[in-house]
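Only one structure is covered here, and it is reproduced in the block below.
The values are calculated or read from the model by the stated rules, or taken from the named source; none is laboratory data. These numbers were taken from a predicted model, which means no experiment stands behind them. Here the Cβ positions follow ideal geometry from the backbone for every residue, glycine too, while neighbour counts run over all protein chains shown. With ligands, DNA and RNA removed, areas are computed over all heavy atoms of the protein, side chains included. Shrake-Rupley method; radii C 1.70, N 1.55, O 1.52, S 1.80 Å.
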Amino acid sequence: MASGLLRVLVLGILGAISAVRQVFDEPIGPTRRSKIEDELPPVAENEATLWPTVFVAMLASNQAHTLPQFLAYIERLDYPKDRISIGIHTDHNVDNTSAMLQEWVANVRPFYHNILLIDSDEIVYVSEPLEWTNERYQHIMRLRDRCLNEARRQWADYILFVDCDNFLINSQTLKSLVLKNKSVIAPMLTVTKTSLYSNFWCGTDENGYYKRTKSYIPTLERERRGCFPVPMIYSTVLIDLRWEASTQLSYEKPPPGYQGPADDMLVFAASVKAAGLQMYILNSDVYGHLMLTASEYSSLDDLRQYYSDYKMTTLCKAMFY
């Protein structure tokens, strides 16, 4: 009889210890994913749950000609603004970029969770507005990493990098990316219907440089639609910071063994691969457009004129999509 009671008592104590261990072993704060794809259930449009928090990162230099259109599309994104924080860094301006950003931030700040505007007059590199020196590349790489670290500091679920010459004409773009539940994903952006330039690569060579593949044009022209793994995405990129492996991602610090140039998108792609994650491109719908790289133009005046023509030939067609 006594031995039976003792056995029951011991089992009860062991059960209590197990329960205590389970409680204290539970993680505190947001759950961090491992490298295993889709380990957590996907985000769903559910009125009972809140949308994940997003830190939107923007780098702007001499973008006064694109900012009105660019910022208008950011405001039109169909995503709860109280779940969005924005970080903007601007410097080395010779146009009205700084004043325009300050005015915009003052007008929209009440609608967003938080807006951080860093308007720097520090001279970090010396070059023409459209000239890309090694010093300027390194500066951009540092700024992108600062944005990553700020998003991590704020415990954001995602960070959305978006260049100021990218125009997200589809108001569902951000929701569409989040709902795909991928670690690193981009919406496909195009220049014109006749241009082969976009914001993704379907293939790379052994050194990590661009390589044309048979799947590129069908993907670009949306004959092949969906969400596809690719080795390179850039310009507008959504990163899921809940993945444990996302702590290894960097635009500035290349992974061990990297022998490529000091280029933000190449270093980032290498860090994604080294972390065991995968990039994806989404082309299920028309999400937006981007301009050719600044190096294609001879001066800011040349770039402004191109943008004026570009609005008429490309952006105005958005209403028909």
Is the range 218-235 home to any residue that is of a type in the set (G, A, S), more than 25 Å from D285 (Cβ to Cβ) and open to solvent by less than 50 Å² (accessible area, probe 1.4 Å)? no
Quick test of your reading of the structure: I239 fulfils all but one of (1) open to solvent by less than 30 Å² (accessible area, probe 1.4 Å); (2) under 23 Å from V56 (Cα atoms); (3) out of contact with any Leu (no Cβ under 7 Å at 6 or more places or on another chain); (4) not acidic (D, E). Name the failing condition by number. (3)
Candidate set: the range 144-167, residues that are part of a loop (DSSP other than H, G, I, E, B) and within 13 Å of the chain's Cα centre (by Cα); chosen: the one surrounded by the most Cβ atoms within 10 Å (Cβ to Cβ): A156
With the structure loaded, tell me whether R224 is within 18 Å of L160 (Cβ to Cβ) and among the basic types (K, R) or whether it fails that test. no
Only one of these conditions is not met by Q63: (1) open to solvent by 10 Å² or more (accessible area, probe 1.4 Å); (2) at pLDDT 95 or above. Which number is it? (2)
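Okay, residues lined up against (1) within 23 Å of F111 (Cβ to Cβ); (2) open to solvent by less than 40 Å² (accessible area, probe 1.4 Å); (3) modelled with pLDDT of 50 or more:
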{"position": "I17", "(1), (2), (3)": "no, no, no"}
{"position": "D25", "(1), (2), (3)": "no, no, no"}
{"position": "P30", "(1), (2), (3)": "no, no, no"}
{"position": "E37", "(1), (2), (3)": "no, no, yes"}
{"position": "V43", "(1), (2), (3)": "yes, yes, yes"}
{"position": "M58", "(1), (2), (3)": "yes, yes, yes"}
{"position": "H89", "(1), (2), (3)": "yes, yes, yes"}
